Amino acid sequence: DVLMIQIPLSLPVSLGDQASISCRSSQSIVHSNGNTYLEWYLQKPGQSPKLLIYKVSNRFSGVPDRFSGSGSGTDFTLKISRVEAEDLGVYYCFQGSHVPWTFGGGTKLEIK
Amino acid sequence: QVQLQQPGAELVKPGASVRLSCKTSGYTFTSYWMHWVKLRPGQGFEWIGEINPSNGGTNYNEKFRRKATLTVDKSSSTAYMQLSSLTSEDSAVYYCTMRGTAEGFDYWGQGTTLTVSS
């Protein structure tokens with residue numbers, strides 16, 4: 001199975017700060033069709049996860065442009081340019097390139 | 001609008017089986033594969049498997065092949081996941097989710113909290 005490692009586990013930030021979350025896969029997650037199915041999700045307390053980014057760097061409909069995704073191969077990053085209160089929660093990376101599809105362990109974004 | 005409706009909670013005894021439901025509306029049920037995901041506190045998310053509502057074809061995470069059985073009822077646009085031989089390790093929140101028009105899980109149910117306890 002592809003292991004997805006997120007760093008850090010917890011990220012205390014001040015509102016307005018930039019935040020960066022790293023996600024590293026145990027092997028390349030480039031699919032045989034050439035696409036890289038790396039996604040980012042945000043789960044707020046008591047809610048289902050919400051899709052933020054798909055295929056590494058594509059923002060899902062309605063996601064603010066302060067969210068950006070980057071990376072390739074085995075190293076990926078989610079950046080939030082100016083953290084707002086509504087951004088707090090747990091962020092998960094996910095790979096859908098190799099079965100079984102796997103999630104990272106999560107990074108909790110919280111107020112410093 | 002697209003909706004995936006799941007019961008909020010189920011309580012079952014160890015050793016029993018349970019069938020979790022995911023009733024859909026707002027789109028053509030047979031158009032998109034339905035996935036099931038498990039979330040245990042401290043364990044993170046696990047992808048259980050997927051089912052093609054059009055023909056019932058399935059793909060499973062090998063870890064869950066003997067535990068979970070995915071089915072659909074096209075007449076009611078409902079997806080089901082049966083979990084067998086339940087233990088405390090199966091206590092978790094189970095979500096149905098699908099990859100609709102976006103290449104990601106863009107629609108999620110609210111999750112069913114399964115508690116396995118005597």
*If you place +1 on the Cβ of every Lys and Arg, -1 on the Cβ of every Asp and Glu, and leave all else neutral, what size is the dipole of the range B:6-71 about its Cα centre, to the nearest 20 Debye?*
260 debye
_Surface share of carbon and sulfur [accessible, 1.4 angstrom probe, percent] for the range A:65-112_ = 48 percent
*asked:* Accessible area per residue for the protein assembly as shown in Å², computed with a 1.4 Å probe and the full protein assembly in place, what is it?
replied: 46 Å²
_Area accessible to solvent at B:ARG65, 1.4 Å probe radius, in Å²_ = 120 Å²
*Mind checking the dipole of the protein assembly as shown: about its Cα centre, +1 per Lys or Arg Cβ, -1 per Asp or Glu Cβ, Debye to the nearest 20?*
240 debye
*Report which residues of the range B:80-118 become buried by 40 Å² or more of accessible surface when going from the isolated chain to the complete set of protein chains (1.4 Å probe; DNA, RNA and ligands ignored).*
B:ARG99, B:GLU103, B:PHE105, B:TRP108
_Chain pair B, A: total accessible area buried, heavy atoms, 1.4 Å probe, Å²_ = 1600 Å²
_Contact order normalised by length for chain B, with contacts defined as Cα pairs under 8 Å and 6 or more residues apart; what percent is it?_
36 percent
*Putting +1 on Lys and Arg Cβ atoms and -1 on Asp and Glu Cβ atoms, find which of B:THR97, B:TRP47, B:SER85 reaches farthest to the positive end of the dipole of chain B.*
B:SER85
_Test item: B:37-44 mean partner chain Cβ contacts at 10 Å_ = 3
*Mind telling me which of B:GLY44, B:GLY56, B:GLY100 comes out most flexible in a GNM of chain B, alpha-carbon contacts under 10 Å?*
B:GLY44
*Taking accessible area as the heavy-atom solvent-accessible surface of the protein chains with a 1.4 Å probe, which residues of the range B:46-63 lose no less than 50 Å² upon going from the isolated chain to the full protein assembly?*
B:TRP47
_Residues whose placed amide H lies under 5 Å from that of B:GLU10, excluding near-sequence neighbours_ = B:THR113, B:LEU114, B:THR115
*asked:* Need one word for the range B:76-118: rounded, prolate or oblate. Basis is the Cα gyration tensor (sqrt eigenvalues a ≥ b ≥ c); a/c below 1.5 gives rounded, then a/b vs b/c decides.
replied: prolate
_Distance between the range A:1-20 and the range B:21-92 - C-alpha centres, whole angstrom_ = 29 Å
*Quick one: how many Å² of A:CYS23 are accessible to a 1.4 Å probe, rounded to 10?*
0 Å²
*Suppose every K and R has +1 on its Cβ and every D and E has -1 on its Cβ; what is the size of the dipole of chain B about the Cα centre, in Debye to the nearest 20?*
240 debye
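The values are calculated or read from the model by the stated rules, or taken from the named source; none is laboratory data. Here the structure is a predicted model, which is why all the values come from computation and not from measurement. Note that we place each Cβ from the backbone using ideal geometry, even for glycine, and neighbour counts take in every protein chain shown. Protein only, heavy atoms only, side chains kept; ligands, DNA and RNA dropped before computing areas. Shrake-Rupley method; radii C 1.70, N 1.55, O 1.52, S 1.80 Å.
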